[in-house]
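> Take this structure first; my questions come after.
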Amino acid sequence: VIDIRKLYAQTGAFTFDPGFTSTASCESALTYIDGDEGVLLHRGYPIGQLAEHSSFMEVSYLLLNGELPSKDELDDFSYTITRHTMLHEQLMTFYRGFRRDAHPMAIMCGVVGALSAFYHDSTDISDPTHRTISSHRLIAKMPTIAAMAYKYSVGQPFVYPDNSLSYTGNFLRMTFGVPAEPYIVNPVVERALDRIFILHADHEQNASTSTVRLAGSSGANPFACIAAGIACLWGPAHGGANEAALNMLKEIGTPDKIPHYIERAKDKNDPFRLMGFGHRVYKNYDPRATVMQKTVREVFEALKVTDPLFETALRLEEIALNDPYFIEKKLFPNVDFYSGIILSAIGFPTTMFTALFALARTVGWVAQWNEMISDPGQKIGRPRQLYTGPTERDYISLDKR
Ligand code: ACO
């Protein structure tokens, strides 16, 4: 019997790294994370500064082009994105093919993938101009696609884009507005949501971004690649965690129940984990969670609402951060821990949380995809495996089995 593990070890030809915990799959100049220090930089700029002073359109430009835009460049970019917000009318028929109770992420996977059936020029990925147009189309259409998934799920008519509004204001109107009726965008809510989009814009080689890169490495068209990214993001260990975190907080309910759930999270025989806690890279406080926590208070104040789950979340964080298990394993709140509370206060149902994440992450996905395709040394992604099945054996005819 050939001992494959030994053979691989002797030849030294492969590294065996399940979950890619210590493998860099590419070079990238977009995003830097120092997980031990809790640092996140986009093109060198700290996420805290971008969240405080920048806008999602500006961060999108930065990720795509490498530098912050001048005023004229930003105006041009915003205008270009605005021009692409509409969906082809035939896609409305496509929406109607879904069941009303379909998860918005299921609809988004389908609709984004279907865009390649409408924009044939975008399938030519060898031309940088077409790649840029595809990127703009995707960034521009995601709010429309997400809002329409929501409208369809609640049985309301679609609201078409109003391009006099900002990227985020337009999304709020398409989600919560009514066709042909004026919609007043609350500036604090608009700013808070725009900040949430900034916080989700990119995060180096996470599972969904790696999926987009792997799909794109074969030369697949950008819409198919982003649809693959959306599918990956949906999982509860990734983007689905914001939905799962709020559901968990609802299940915990009041702070007196927290110790019971903390014990469950520590019990290795119980599959329960604290959702919105822990991260593959951050072994310190996720800098995005700090901004999220601050934004909760701003939104509550602006909308004159409160949510007892916020108190539960704060208490849960306090208890966990003082618990030896969480200290030893370096488990801190991540971006998903507080985002659900804000989105819920704004009025989004939990099923839309991951859809909003996908909307914002689209810019990171397309920037990473472009970076990969532009690399002249780019190769198809093709990991190897450590084979654990039977060694070679002869076929046995059916009558002898
Ligand atoms: N609650 C309790 N224990 C946890 C948690 C948690 N949330 N997260 C990790 N642990 C424990 C694990 O049980 C494991 O313990 P062990 O060493 O005794 O086996 C140890 O910490 C390391 O955990 P891994 O799962 O090996 O770490 P990994 O890097 O693979 O996973 C992940 C990271 C998936 C984020 C994990 O922390 C998790 O499941 N968190 C909850 C889901 C979540 O919030 N996901 C969002 C991530 S951020 C994002 O995608 C935007």
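The values are calculated or read from the model by the stated rules, or taken from the named source; none is laboratory data. Being a predicted model, the structure only gives us computed values, none of them experimental. Methodologically, a virtual Cβ is constructed for each residue, glycine included, from the backbone with ideal geometry; neighbour enumeration extends over all protein chains shown.
> What are the residues in the range 304-320 that are of a type in the set (Asp, Glu) and in a helix (DSSP H, G or I), if any? Let's see the steps before the verdict.
Taking the range 304-320 and keeping what is of a type in the set (Asp, Glu), we get 307, 311, 317-318.
Within the range 304-320, Glu311, Glu317, Glu318 qualify.
> Check Ser122, Ser126 and return the single one that is in contact with a helix residue (DSSP H, G or I) (Cβ under 9 Å, 6 or more places away or on another chain) and under 24 Å from Met57 (Cβ atoms). Walk me through how you get there before you give the answer.
On the way: Ser126 fails: under 24 Å from Met57 (Cβ atoms).
None of the others qualify; the one that does is Ser122.
> Please enumerate the residues belonging to the range 43-87 that are closer than 25 Å to Asp162 by Cα, of a type outside the set (Ser, Thr, Tyr), touching an Asp or Glu at 6+ places or on another chain (Cβ under 8 Å) and touching a residue at least 60 places away in the same chain (Cβ under 8 Å).
Phe56
> Further, regarding this structure: Residues that are under 25 Å from Thr295 (Cβ atoms), at pLDDT 95 or above and touching a His at 6+ places or on another chain (Cβ under 8 Å): find the helices (runs of 4 or more DSSP H) completely inside the range 30-99 holding 3 or more of those.
Numbers: elements: 47-53, 56-65, 71-83, 90-96.
Correct list: 56-65.
> Quick one: would you say Glu298 is more than 23 Å from Ala51 (Cβ to Cβ), away from the ligand (no atom under 15 Å from the Cβ) and either of a type outside the set (S, T, N, Q) or not in a loop (DSSP other than H, G, I, E, B) (or both)?
Values: more than 23 Å from Ala51 (Cβ to Cβ): no; away from the ligand (no atom under 15 Å from the Cβ): yes; either of a type outside the set (S, T, N, Q) or not in a loop (DSSP other than H, G, I, E, B) (or both): yes.
Considered against the rule, which asks whether it is more than 23 Å from Ala51 (Cβ to Cβ), away from the ligand (no atom under 15 Å from the Cβ) and either of a type outside the set (S, T, N, Q) or not in a loop (DSSP other than H, G, I, E, B) (or both), Glu298 comes out as no.
> Hey, does the range 296-304 have a residue that's over 27 Å from Leu40 (Cβ atoms) and without any contact (Cβ under 8 Å) to a residue 24 or more places away in the chain? If you could, list the steps in order and put the result at the bottom.
Residues of the range 296-304 that are over 27 Å from Leu40 (Cβ atoms), as a first pass: 303-304.
Remaining after also requiring without any contact (Cβ under 8 Å) to a residue 24 or more places away in the chain: 304.
Yes: one or more hits.
> If you check Arg384 against the conditions, is it modelled with pLDDT under 95, of a type in the set (Lys, Arg) and within 20 Å of Leu249 (Cα to Cα)? First the steps, then the outcome.
Working: modelled with pLDDT under 95: yes; of a type in the set (Lys, Arg): yes; within 20 Å of Leu249 (Cα to Cα): no.
Here the answer is no, as Arg384 does not meet what is asked.
> Please verify whether Lys379 is within 14 Å of the ligand (Cβ to nearest atom) and outside any helix (DSSP H, G or I), treating the condition exactly as stated. Full working, then the answer.
Values: within 14 Å of the ligand (Cβ to nearest atom): no; outside any helix (DSSP H, G or I): yes.
No.
> Next up: Taking Phe277 as the residue in question, decide whether it is within 8 Å of the ligand (Cβ to nearest atom), among the aromatic types (Phe, Trp, Tyr), in contact (Cβ under 8 Å) with a residue 12 or more places away in the chain and under 19 Å from Ala51 (Cβ atoms). Working first, answer last.
On the way: within 8 Å of the ligand (Cβ to nearest atom): yes; among the aromatic types (Phe, Trp, Tyr): yes; in contact (Cβ under 8 Å) with a residue 12 or more places away in the chain: yes; under 19 Å from Ala51 (Cβ atoms): no.
No, not satisfied.
> Tell me, please, whether a residue that is surrounded by fewer than 23 Cβ atoms within 10 Å (Cβ to Cβ), of a type in the set (Val, Ile, Thr) and either touching a residue at least 40 places away in the same chain (Cβ under 8 Å) or farther than 12 Å from Pro143 by Cα (or both) can be found in the range 189-201.
yes
> Determine if the range 167-182 includes at least one residue that is within 24 Å of His42 (Cβ to Cβ) and either among the acidic types (Asp, Glu) or not in a helix (DSSP H, G or I) (or both).
no
> Given the conditions (1) of a type in the set (Lys, Arg); (2) crowded, with 22+ Cβ neighbours inside 10 Å; (3) closer than 21 Å to Glu89 by Cβ, report the number of the one that Lys151 does not fulfil.
(2)
> Taking the condition of being under 19 Å from Ile258 (Cβ atoms) and either aromatic (Phe, Trp, Tyr) or within 10 Å of the ligand (Cβ to nearest atom) (or both), how many residues in the range 286-295 meet it? Quick ask: steps written out before the conclusion?
Pass one, the range 286-295, residues under 19 Å from Ile258 (Cβ atoms): 289, 293.
Still in the list and also either aromatic (Phe, Trp, Tyr) or within 10 Å of the ligand (Cβ to nearest atom) (or both): 289.
Residues meeting the conditions: 1.
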